[in-house]
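Everything below concerns the one structure shown next.
The values are calculated or read from the model by the stated rules, or taken from the named source; none is laboratory data. Model, not experiment: these values are computed from the prediction. Cβ placement follows ideal geometry from the backbone for every residue including glycine, while neighbour counts extend to all protein chains displayed. When the accessible area is computed, the model is the full protein with side chains, heavy atoms only, and any ligands, DNA or RNA have been set aside. Shrake-Rupley method; radii C 1.70, N 1.55, O 1.52, S 1.80 Å.
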Amino acid sequence: MKDKKTITICMGSSCFSRGNNHNLQIIQDYIKDRDSADIFLSGALCHEQCSRGPVLYLGDTMLSFVDSSEILDLLETYLKE
Ligand code: FES
């Protein structure tokens, strides 16, 4: 069985306004366009990493300063692992 992939996006107000509002939309569209059964997307409250935001987690790995332009590459890489 394939491993479940988890994507956790910080929905705190700082990360949200720094770019996770766009990142969330991109991730949702990405999942919608695919067989998403093995992908779990969830939102998180502030992780107190605001100065490094916007942050999101692919599995247990925290990514900081996530720019909308790189999100698709990050997802592709993670989901292929
Ligand atoms: S709002 Fe995302 S770490 Fe604080």
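Annotations
- Most simply put, segment 5-80 has about 50% antiparallel DSSP beta bridges, counting only bridges with both residues inside it.
- With respect to the chain, whose longest principal axis is taken over its alpha-carbon atoms, helix 21-32 is tilted by about 10°.
- Full extension of the chain segment joining Cys50 with Thr77 gains 7.3 nm, where the gain is 0.36 nm per residue of separation less the Cα-Cα distance.
- Computed accessible area, Lys32, all protein chains, 1.4 angstrom probe, square angstrom: 150
- Model label points for Arg34 and His22, set 7 angstrom from Cα along the Cα-to-Cβ axis, are 2.1 nm apart.
- Selected from Leu24, Leu56, Leu41 as most flexible by GNM, with the chain as the system and alpha-carbon contacts under 10 Å: Leu41
- Degrees, to the nearest 10: 71-80 long Cα axis against longest axis of the chain: 40
- Ile39 long-range amide H proximity, modeled H, under 5 Å: Lys5
- Cross-link partners for Lys5 among the aspartates and glutamates, with Cα-Cα distance under 17 Å and sequence neighbours closer than 8 places in the same chain left out: Asp29, Asp33, Asp35, Asp38, Asp60, Asp73, Glu76, Glu81.
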